[in-house]
Amino acid sequence: MSELINDTLILTGRHMRHIARVPEKLFGVTLGPVVMVLVFGYLFGSAMTVPGGGGYREYIMAGIFTQVMLSAVGTSAAGVAADLNNGLVDRFRSLPMSRYAVLLGRTVSDLAMTALSCVVMAAVGMAIGWRAHEGIGRALLGFVLLLLLGFGMCWLGALIGLVVRSPEVVNQLAMFIVMPFAFLSNAFVPPDGLPRWLQVISEWNPVSSVVSACRELWGNPTTRVSGAFPAEHPVLVSLTALTALLAVVIPLTARAYQRAAAR
């Protein structure tokens, strides 16, 4: 276990130093979220109303945070695919190191970049009027849920990168996975105006549970179309769904890495 932790820290540091040497990589995790906050906050915020009252700028922040967490799947998928194609994994195989540290180093460093996005978005959100009203403890719990989602997406991205291996294809596949979950949820638009069958999908979408949990923990405006269990207990549903996601995707990714490293 100590060897795994040490190797993971070394590889995480390697990835972070690589980002420092190529600062252009920071643009996607800083400028992109800032643009999203400003566009949704000012452009759409002037035209949208939240059923039950409340400002759209506070309503939308949990959705934007969640969208950025979902986008981590593409970052990790492309990074793992690139490591396979440029021979880095083969070089790691020749070293006396834990195999799983390669995956942990990638996912932890990608999660750190995603956390940086959260910090930037929180600062911009506060500048346009967003606040967490329920105290520091509940506010931090909301961000823990977001980072847990981001960690799950990093592992899912690593799995896609190991299976597909083509950087061009993994980006398209990641987008195909992220878009339906993001837009068939309550992240950006209150679901009460949707047809009933889409409302049901939105209610049981795990992304909706994470978004609703963050809004509840932060005291931001939220909407509940019906008394469905996920809508009534979003924090519990979010923790259960994210724990199940990690429990499934981590072993699958480890198995896929063993097969890819043996080729």
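The values are calculated or read from the model by the stated rules, or taken from the named source; none is laboratory data. As the structure is a prediction and not an experimental result, all values here were calculated from the model. Here Cβ is always computed from backbone atoms with ideal geometry, including for glycine, and neighbour counts include all displayed protein chains. Quick note on the areas: whole protein, heavy atoms, side chains included, nothing else; ligands and nucleic acids left out. Shrake-Rupley method; radii C 1.70, N 1.55, O 1.52, S 1.80 Å.
Going through region 126-157 one residue at a time, which ones are of a type in the set (Gly, Ala, Ser), in a helix (DSSP H, G or I) and in contact (Cβ under 8 Å) with a residue 40 or more places away in the chain?
Ala139, Gly142, Gly150, Gly152, Gly157
What number of residues in region 161-208 are aromatic (Phe, Trp, Tyr) and either in contact (Cβ under 8 Å) with a residue 12 or more places away in the chain or open to solvent by less than 60 Å² (accessible area, probe 1.4 Å) (or both)?
Of the residues in region 161-208, 3 are aromatic (Phe, Trp, Tyr) and either in contact (Cβ under 8 Å) with a residue 12 or more places away in the chain or open to solvent by less than 60 Å² (accessible area, probe 1.4 Å) (or both).
Within region 214-236, track down each residue that is open to solvent by less than 30 Å² (accessible area, probe 1.4 Å) and farther than 23 Å from Arg57 by Cα.
Of everything in region 214-236, those that are open to solvent by less than 30 Å² (accessible area, probe 1.4 Å) and farther than 23 Å from Arg57 by Cα turn out to be Ala228, Pro230.
Does region 77-87 contain any residue that is at pLDDT below 80, outside any helix (DSSP H, G or I), surrounded by fewer than 21 Cβ atoms within 10 Å (Cβ to Cβ) and of a type outside the set (A, V, I, L, M)?
Checked region 77-87: at least one residue is at pLDDT below 80, outside any helix (DSSP H, G or I), surrounded by fewer than 21 Cβ atoms within 10 Å (Cβ to Cβ) and of a type outside the set (A, V, I, L, M).
Scan (1) touching a helix residue (DSSP H, G or I) at 6+ places or on another chain (Cβ under 6 Å); (2) assigned to a helix (DSSP H, G or I) for the single condition Met97 breaks and write down its number.
Met97 satisfies every listed condition except (2).
Could we say that Thr240 is of a type in the set (Ser, Thr, Tyr), open to solvent by 10 Å² or more (accessible area, probe 1.4 Å), touching a residue at least 40 places away in the same chain (Cβ under 8 Å) and under 21 Å from Leu147 (Cα atoms) here? Explain how you work it out, then say what you get.
On the way: of a type in the set (Ser, Thr, Tyr): yes; open to solvent by 10 Å² or more (accessible area, probe 1.4 Å): yes; touching a residue at least 40 places away in the same chain (Cβ under 8 Å): no; under 21 Å from Leu147 (Cα atoms): yes.
No.
What single numbered condition from (1) part of a helix (DSSP H, G or I); (2) under 18 Å from Gly219 (Cα atoms) fails to hold for Val119?
For Val119, the failing item is (2).
Condition test on Val211, is it open to solvent by 50 Å² or more (accessible area, probe 1.4 Å), part of a helix (DSSP H, G or I) and at pLDDT 85 or above?
Considered against the rule, which asks whether it is open to solvent by 50 Å² or more (accessible area, probe 1.4 Å), part of a helix (DSSP H, G or I) and at pLDDT 85 or above, Val211 comes out as no.
Give the number of residues within region 158-176 that are farther than 14 Å from Val102 by Cβ and either part of a helix (DSSP H, G or I) or touching a Lys or Arg at 6+ places or on another chain (Cβ under 9 Å) (or both). So that I can check it myself, show each step before the final result.
Keep residues of region 158-176 that are farther than 14 Å from Val102 by Cβ, which gives 160, 163-176.
Add one more test, that the residue is either part of a helix (DSSP H, G or I) or touching a Lys or Arg at 6+ places or on another chain (Cβ under 9 Å) (or both), and what stays is 160, 163-164, 167-176.
Within region 158-176, residues that are farther than 14 Å from Val102 by Cβ and either part of a helix (DSSP H, G or I) or touching a Lys or Arg at 6+ places or on another chain (Cβ under 9 Å) (or both) number 13.
Considering each of Thr8, Thr66, Thr107, Thr49 in turn, give the residue that is modelled with pLDDT under 85, in a helix (DSSP H, G or I) and touching a helix residue (DSSP H, G or I) at 6+ places or on another chain (Cβ under 9 Å).
Thr8
List every residue pair whose Cβ atoms sit under 7 Å apart, with the two residues 6 or more apart in sequence or on different chains, where the first one lies in region 4-21 and is closer than 19 Å to Ser98 by Cα and the second, anywhere, is assigned to a helix (DSSP H, G or I) and aromatic (Phe, Trp, Tyr).
Leu4/Tyr100
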